[in-house]
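Data first, discussion second: the structure below is written as structure tokens.
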Amino acid sequence: MGVTILTQFPTENRTGPQTIDVLSKRISALGASQQGQFLVDCETYTSAPQLGHQRIVHVLHNSEQPATVFSILESGTKTIPLATDGLFDLLMMKMSSFYTSKKQTKAESKGPRFEIGDFCVKLGTVTISSNFKGILVEVEYRPCVVPVMCWDLMKEFLQGFLGLSGPTNPPAYLQNRMQEIYSPLDTVHQYLEHFTMFRKMPGGVGMRP
Amino acid sequence: MERDLAQLNVALNSVKVLRSNVRSVFESVGNGLRADHGDDGKENKYIIELQELLTTVNNNLRDVENAVASLTPPPGAFSLGNTTYLAQETTQERQALYGQLVNSYKWTDKIREYSALAGNILQTNSFNKTYKTLSTTKRRKTQTSNHNVSPEVIENLITGIDRLFPDVTITTNRPFVPNPVVQASLGRVLKSIIGFKGLMIEWVVVKAHAEASDQWSDSRYKVFQKVTENCHAAMCHFHSPMMPDLAVRSFMHWFHSYNTLFSAPCKRCGNHIHNNLPATWRDLRTLEPYHEECK
Ligand SMILES: [Zn+2]
């Protein structure tokens, strides 16, 4: 697992599928080959009032780590990440009386997955409870595990095919962790960050499905 | 020598011809009168035939004598060394040994000749481009053998290198004593598995930290495959049979410059990426980073 950068790509006046199509053509023109599809999803649960002090659990799946369930517990100022096996989903079902999922919050990013050299590029269409919200581009540089070492290189790569829409700074979540060894949980955190932003967006303004 | 051999061959050939013709004479004498001599004057015909055969033998004999006269006799008895005892071998299957012995002698002779030629050519086209110059006093300390070095010497060399670069971590294991296989980790960037043959580097593989530490499989990442290739080039470049420890140290010095593999842009084009790879080449002298295509 290498360093991964997640960035939003503006759709401007294109539809979601048109944007994915434009980006697919660009990355293919650079020599990438499509290697299947990917999916990242997120469900958010809130603790029942009788548990007192409210806690929020985000449960995420990433098709890149199909046997793992990632969960992030937010309680007050603390966030506790957890990587578990698939049984965690069943556990959450058992606890449905304590933790209930908010309605209309199921977030997903899915789309084509490309490989180009040592890079892995994923073009995700983001939907929240099936409503189109935007485009997330994920780029992973697999040989490198420390963000600070390859950030400039990845920025150059991203700007190479996203143009001016490419990021100029590391994702907010990574900024304090540039020196640390990158782990799959870091990718999950970045997705959660974007999903949270999409959820706060007023429904579908300026976004055509 | 060449002429002597030719003459010897001529002489042997004429002996062969003589023997074959003498045999015809005896055959003719042994058979006596034959049906193909006919009835009329068969004795005469027979005598003429015999005379012709004897004349041929006479001529052949003269040829042999001429050929032998032109040979120069060897100065003394041949000394065959221990091989003379082979002649006393009585068992059937071992009598063929002499032939094999001569064959292997010819081979070693050829090897000597070719290696002498190769040595001459290599001396005039020196490919030793190690940039460090040593004082003459140090130069005298050459090792007599680089293949068969005591493990302590290699151990010292490796620990010396380990101390030289703080961000290189070296771990050694010896599957085949005394040739160690060294794993050199370069910070959090990469690791390399280096196989030694005595004091000389014989094999290098570069991989990601997460990959298996065996010598035999390549990295699955293009960037490390490219760096492995470049390490092989550098390994040959720094190779110096006369100063193997210097070669290893120069190689490690160069290898250490890969600690900026992902972070340093290419010196020529200023970019990080070319063909989806970072600058995978390091100049052998200046250690500056270059793309494969920009060096
Ligand atoms: Zn370049």
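The values are calculated or read from the model by the stated rules, or taken from the named source; none is laboratory data. Fair warning: this is a prediction, and the values are worked out from it, not measured in the lab. Cβ sites come from the backbone with ideal geometry, for glycine too, and all protein chains shown count toward neighbours.
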- Message: Condition check: within 16 Å of the ligand (Cβ to nearest atom), surrounded by 17 or more Cβ atoms within 10 Å (Cβ to Cβ) and farther than 22 Å from residue A:182 by Cα. Does residue B:294 satisfy that?
- Response: no
- Go through the residues of the range B:104-124 one by one and say whether even a single one is charged (D, E, K, R), under 30 Å from residue B:27 (Cα atoms) and in a helix (DSSP H, G or I). no
- Does residue A:193 satisfy the condition of being at pLDDT below 95, among the acidic types (Asp, Glu) and either touching a Phe, Trp or Tyr at 6+ places or on another chain (Cβ under 8 Å) or part of a strand (DSSP E or B) (or both)? yes
- Filter the range B:250-285 down to the residues that are closer than 14 Å to residue B:237 by Cβ and not in a helix (DSSP H, G or I), then identify the one that is nearest to the ligand (Cβ to nearest atom). B:281
- Test: residue B:232 is surrounded by fewer than 16 Cβ atoms within 10 Å (Cβ to Cβ) and at the interface with another protein chain (Cβ under 10 Å from one of its Cβ atoms): no
- Item | Options B:218, B:245, B:214; residue that is of a type in the set (Asp, Glu), in contact (Cβ under 8 Å) with a residue 60 or more places away in the chain and away from the ligand (no atom under 16 Å from the Cβ) | B:245
- Task: Check A:63, A:24 and return the single one that is in the same structural domain as residue A:147 (by TED's automatic domain parsing) and farther than 23 Å from residue A:95 by Cα.
- Result: A:24
- State yes or no: is residue A:114 within 14 Å of chain B (Cβ to nearest Cβ) and either modelled with pLDDT of 95 or more or within 20 Å of residue A:71 (Cα to Cα) (or both)? yes
- Message: It is to be established whether one or more residues within the range A:108-129 are over 21 Å from residue A:5 (Cα atoms), in the same structural domain as residue A:184 (by TED's automatic domain parsing), under 16 Å from the mean Cα position of the chain (by Cα) and not hydrophobic (A, V, I, L, M, F, W, C).
- Response: yes
- Task: For the range A:82-93, state whether one or more residues are surrounded by 12 or more Cβ atoms within 10 Å (Cβ to Cβ), of a type in the set (S, T, N, Q) and assigned to a strand (DSSP E or B).
- Result: yes
- Which condition breaks for residue A:124 when tested against (1) closer than 19 Å to residue A:36 by Cα; (2) within 14 Å of another protein chain (Cβ to nearest Cβ); (3) surrounded by 20 or more Cβ atoms within 10 Å (Cβ to Cβ)? (2)
- Query: Taking the range B:189-227 on its own, how many of its residues are within 13 Å of chain A (Cβ to nearest Cβ) and surrounded by 17 or more Cβ atoms within 10 Å (Cβ to Cβ)?
  - Reply: 15
- Any hit, the range B:42-58, residues being at positive phi and either β-branched (Val, Ile, Thr) or surrounded by fewer than 11 Cβ atoms within 10 Å (Cβ to Cβ) (or both): no
- Is it the case that the range B:18-32 has a residue that's surrounded by fewer than 10 Cβ atoms within 10 Å (Cβ to Cβ) and not in a helix (DSSP H, G or I)? yes
- Query: Do we have any residue at all in the range A:173-180 that's closer than 28 Å to residue A:22 by Cβ and more than 10 Å from every other protein chain (Cβ to nearest Cβ)?
  - Reply: yes
- Task: Evaluate the range A:122-132: report whether one residue or more is in a helix (DSSP H, G or I) and over 14 Å from residue A:40 (Cα atoms).
- Result: no
